[in-house]
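FYI, it's all coordinate maths here, none of it is from the lab. Source: prediction; values computed, not measured. Neighbour counts run over all protein chains shown; Cβ positions are idealised from the backbone, glycine included.
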Amino acid sequence: MMNIEDVREYCLSLPMATEDFPFDDTTLVFRIMNKIFGLLSLDGSMYFAVKCEPEYAIELRERYHEIQPAFHMNKRHWNQINLSGALSDDFIQSLIRHSYDQVAKKLTRQDRELLGITKRR
């Protein structure tokens, strides 16, 4: 089971990922080129919010009880993952990568080139 530090480490391993606390002292935000791709609650609740393609977001919510619409976020595009559930580390990492890719594909061509992404996906 991934813990908060595992999630943080994985997020920061992604190209040009950064972290900050723009909202409060308990919500760690992960960004790519100043665009948010993840929010990690440090208040002990074990929730992590990720951006998601809308149809995939619904499919995930229907299939896994650990995945719900993200609190305080656009429910169409954001899911929250309960890290204390039964989801595998590989699956959680794939959801983080999906979120990162969803944000990266909306970046400018110049920023995508800096990341090594040559075309929109």
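The calculated 222 nm mean residue ellipticity attributable to helices in the chain amounts to -10500 deg cm²/dmol, summing -39500 (n - 2.57) over DSSP H runs of n ≥ 4 and dividing by all residues.
Sorting 101-109, 45-53, 32-40 by average packing, meaning the other beta carbons within 10 Å per residue, from highest down gives 45-53, 32-40, 101-109. Looking at Ile96, Leu28, Leu115, which one has the Cα that reaches farthest to the positive end of the dipole of the chain (charges on Cβ: Lys, Arg +1; Asp, Glu -1)? Towards the positive end, the residue furthest out is Leu115.
About its Cα centre, the dipole of the chain is roughly 820 debye, where the only charges are +1 on Lys and Arg Cβ and -1 on Asp and Glu Cβ. Between Lys106 and Asn3, the modelled label-to-label distance comes to 3.3 nm, taking each label 7 Å out from Cα in the direction of the beta carbon.
Note on Ala86/Ile117: beta-carbon distance plugged into 1/(1 + (r/R0)^6) with R0 of 35 Å gives a FRET efficiency of 0.60. When you count the other C-beta atoms within 10 angstrom of each residue and take the mean per peptide, 17-29, 88-100 line up highest first as 88-100, 17-29.
Taking only the Cα atoms of the range 4-115, the ratio Rg/Rh comes out at 0.94, with Rh defined as the Kirkwood radius. Over the C-alpha trace of the range 1-49, radius of gyration and Dmax come out as 10.2, 29 angstrom.
The label-point distance for Leu12 and Leu42, in a model that sets each label 7 Å from Cα toward Cβ, rounds to 1.1 nm.
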